[in-house]
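For reference, the structure is listed below as structure tokens.
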Amino acid sequence: MAILNIIKEGDEILRKKCRPVEKPDRRICTLLDDMRDTMRLAKGIGLAAPQVGVMRRIVLVDNSEQILELINPEIIKEEETQEGIEACLSVPGKYGIVKRPMKVTVKATDRNGNEFITHGEGLVARAFCHEIDHLNGVLYIDIASEIIDQDEVDD
Ligand code: NI
């Protein structure tokens with residue numbers, strides 16, 4: 001177990017496209033464990049591998065029942081839309097208003113190499129979209145209709 005350093009906006013690493021995982025191995029399992037610890041400590045509801053400097057298509061999303069591990073995730077269905085508040089561990093002190101699908105269906109592989117399908121609604125759908133965007137070098141601030149500085153709100 002280890003707590004990993006979360007890379008912040010401005011670092012080119014967050015702007016690169018990640019490569020798929022061919023076959024989850026021990027190294028990938030260790031990464032998943034470390035990402036889980038890192039996300040818990042940071043109190044995030046999602047974390048993508050590039051945020052810890054690993055350019056692989058891996059994300060974690062807390063669906064409020066469990067922390068899901070998604071390897072090579074793909075959104076295969078989007079339904080309805082929602083507009084709401086979004087933040088990112090790599091963009092501290094800010095949040096934004098982002099339009100996302102209300103419901104998504106995601107296909108991914110688990111750490112044992114088995115493919116599965118999962119669904120998310122509301123905040124969970126938002127998290128799936130946000131984390132999968134990270135794998136393509138996209139940050140929510142790129143698509144937000146408004147970005148708010150938390151300091152300005154506190155004043
Ligand atoms: Ni993020």
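The values are calculated or read from the model by the stated rules, or taken from the named source; none is laboratory data. From a predicted model like this one, the values you see are computed outputs, not experimental measurements. Backbone-built Cβ (ideal geometry, glycine too); neighbour counts: all protein chains shown. Remember, those area values only see protein heavy atoms, side chains included, never the ligands or the DNA or RNA. Shrake-Rupley method; radii C 1.70, N 1.55, O 1.52, S 1.80 Å.
What's the number of the only condition in (1) in contact (Cβ under 8 Å) with a residue 60 or more places away in the chain; (2) more than 14 Å from the ligand (Cβ to nearest atom) that MET102 fails to meet? Unmet for MET102, out of (1) in contact (Cβ under 8 Å) with a residue 60 or more places away in the chain; (2) more than 14 Å from the ligand (Cβ to nearest atom): (1).
Every test in (1) away from the ligand (no atom under 13 Å from the Cβ); (2) over 12 Å from the mean Cα position of the chain (by Cα) is passed by ALA42 save one, and that test is (1).
Pairs meeting the criteria (first residue in the stretch 136-152 and in contact (Cβ under 8 Å) with a residue 40 or more places away in the chain, second residue of a type in the set (D, E, K, R) and assigned to a helix (DSSP H, G or I), beta carbons under 6 Å, at least 6 apart or on different chains) are GLY137/ARG15. Against the conditions (1) surrounded by fewer than 16 Cβ atoms within 10 Å (Cβ to Cβ); (2) in contact with a helix residue (DSSP H, G or I) (Cβ under 6 Å, 6 or more places away or on another chain); (3) at negative phi, GLY96 satisfies every one except (1).
Checked against (1) surrounded by 14 or more Cβ atoms within 10 Å (Cβ to Cβ); (2) within 16 Å of the ligand (Cβ to nearest atom); (3) closer than 30 Å to LYS23 by Cβ, ASN136 meets all criteria but (1). Any chance the stretch 55-68 includes a residue that's farther than 18 Å from LYS17 by Cβ, touching a residue at least 24 places away in the same chain (Cβ under 8 Å), among the β-branched types (Val, Ile, Thr) and open to solvent by 10 Å² or more (accessible area, probe 1.4 Å)? Scanning the stretch 55-68 turns up at least one residue that is farther than 18 Å from LYS17 by Cβ, touching a residue at least 24 places away in the same chain (Cβ under 8 Å), among the β-branched types (Val, Ile, Thr) and open to solvent by 10 Å² or more (accessible area, probe 1.4 Å). The single condition among (1) over 29 Å from ASN114 (Cα atoms); (2) under 13 Å from the mean Cα position of the chain (by Cα); (3) among the charged types (D, E, K, R) that GLU83 does not meet is (2). One residue alone among GLU115, GLU131 is free of Cβ contacts under 8 Å to residues at least 40 places away in the same chain and either open to solvent by 60 Å² or more (accessible area, probe 1.4 Å) or within 15 Å of the chain's Cα centre (by Cα) (or both), and that residue is GLU115. Here ALA108 fulfils each of the conditions (1) open to solvent by 40 Å² or more (accessible area, probe 1.4 Å); (2) part of a strand (DSSP E or B); (3) in contact (Cβ under 8 Å) with a residue 12 or more places away in the chain; (4) under 26 Å from VAL21 (Cβ atoms) apart from (1). Filtered by the rule that a residue be in contact with an Asp or Glu (Cβ under 8 Å, 6 or more places away or on another chain), within 16 Å of the ligand (Cβ to nearest atom) and among the aliphatic types (A, V, I, L, M), the stretch 71-95 gives a lone residue, VAL91.
The residues in the stretch 50-69 that are part of a strand (DSSP E or B) and within 14 Å of the ligand (Cβ to nearest atom) can be counted, and the count is 5. When restricted to residues that are assigned to a helix (DSSP H, G or I), surrounded by 14 or more Cβ atoms within 10 Å (Cβ to Cβ) and aliphatic (A, V, I, L, M), the stretch 139-155 contains 2.
Selection within the stretch 1-36: residues that are acidic (Asp, Glu) and not in a loop (DSSP other than H, G, I, E, B). The member of this set that is nearest to ASN114 (Cα to Cα) is ASP33.
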